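Novice: Input: one structure, supplied below.
The values are calculated or read from the model by the stated rules, or taken from the named source; none is laboratory data. Note that the structure is predicted; figures quoted are calculated from it, not measured. So basically every Cβ, Gly included, is an ideal-geometry build from the backbone, and we count neighbours across all protein chains shown. Ligands, DNA and RNA are excluded from the accessible area calculation, which covers all protein heavy atoms including side chains. Shrake-Rupley method; radii C 1.70, N 1.55, O 1.52, S 1.80 Å.
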Amino acid sequence: QVRLVESGGGLVQAGGSLRLSCAASGIIFRINTMGWYRQAPGKQRELVADITRGGNTNYADSVKGRFTISRDNAKRTVYLQMNSLKPEDTAIYYCSAATQQYYGTSGEDYWGQGTQVTVSS
């Protein structure tokens, strides 16, 4: 099995910063794309940012210039640096990892349990 554990959420004032981390563990041959998603109350889960194994990144328009995604392949960890936070960034943030457990097998998406980010005005 593959387990993803997020950390770093919390309560912050508008304009502040938070850094989320997500570490993968378990039976893992290779982790391909890793990403961060968020879900606000009453809304659908949406992509915040993702990053390929080679470091290519993709961001939602709403976070471009404020958030930075990065990863450490050796540590099997993905990070999300969030700056200039706004109340509308309030949501549960989930990490995902497209993971091959064994050589030659197809990848499967795994998800963390989520971490709450609350931005007060």
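Novice: Any idea of the accessible area per residue across the range 17-101, 1.4 Å probe, to the nearest Å²?
Specialist: 48
Novice: Report the longest stretch of the chain that contains none of the trypsin sites (Lys or Arg not before Pro) sitting in a DSSP loop with at most 12 other Cβ atoms within 10 Å.
Specialist: 76-121
Novice: Identify which of GLN13, GLN100, GLN44 has the largest mean-square fluctuation in a Gaussian network model of the chain, with springs joining Cα atoms closer than 10 Å.
Specialist: GLN44
Novice: For the range 71-121, which whole percent of the accessible surface, found with a 1.4 angstrom probe, sits on carbon and sulfur atoms?
Specialist: For the range 71-121, the apolar C and S fraction of the accessible surface comes to 46 percent.
Novice: Also, I was wondering about something else. Could you grab the relative contact order for the chain? Cα pairs under 8 Å, six or more apart, rounded to a whole percent.
Specialist: 36
Novice: With springs only between Cα atoms under 10 Å, which of THR77, THR52, THR105 fluctuates most in a Gaussian network model of the chain?
Specialist: THR105
Novice: What is the projected area of the convex hull of the Cα atoms of the range 34-95, averaged over all directions, in nm²?
Specialist: The number I arrive at for the range 34-95 is 4.2 nm².
Novice: Rank ALA49, ALA91, ALA40 by mean-square fluctuation in a GNM of the chain with C-alpha springs under 10 angstrom and give only the top-ranked residue.
Specialist: Result for the chain, Cα springs under 10 Å: ALA40 fluctuates most.
Novice: Residue by residue through the range 70-87, which ³J(HN,Hα) values in whole Hz follow from phi under the Karplus form 6.51 cos²θ - 1.76 cosθ + 1.60 (θ = phi - 60°), with glycine and proline marked x?
Specialist: Once rounded to whole Hz, the list reads 8, 8, 10, 5, 5, 8, 6, 10, 10, 10, 9, 8, 10, 10, 6, 5, 10, x.
Novice: Taking the Cα centre of the chain as the origin, how large is its charge dipole in debye, to the nearest 20, when only Lys and Arg (+1) and Asp and Glu (-1) carry charge on their Cβ atoms?
Specialist: 200
Novice: Return the distance in nm (one decimal) between the two label points of a simple spin-label model at GLN101 and LYS86, each offset 7 Å from Cα along Cα→Cβ.
Specialist: A separation of 4.1 nm, rounded to one decimal place.
Novice: From the phi angles alone, apply the Karplus equation (6.51, -1.76, 1.60; θ = phi - 60°) to the range 18-27 and give each ³J(HN,Hα) in whole Hz, x where the residue is Gly or Pro.
Specialist: So the Karplus estimates, Gly and Pro as x, are 9, 10, 9, 10, 9, 10, 9, 8, x, 7 Hz.
Novice: May I pose another question? Out of residues 5 or more away from THR90 or on other chains, whose amide H comes under 5 Å of its own, with H placed 1.01 Å from N in the peptide plane?
Specialist: Under 5 Å from the amide H of THR90 lie the amide H atoms of VAL119, each far enough along the sequence or on another chain.
Novice: Take the Cα atoms of the range 12-61, build their convex hull, and give its volume per residue in Å³.
Specialist: 137
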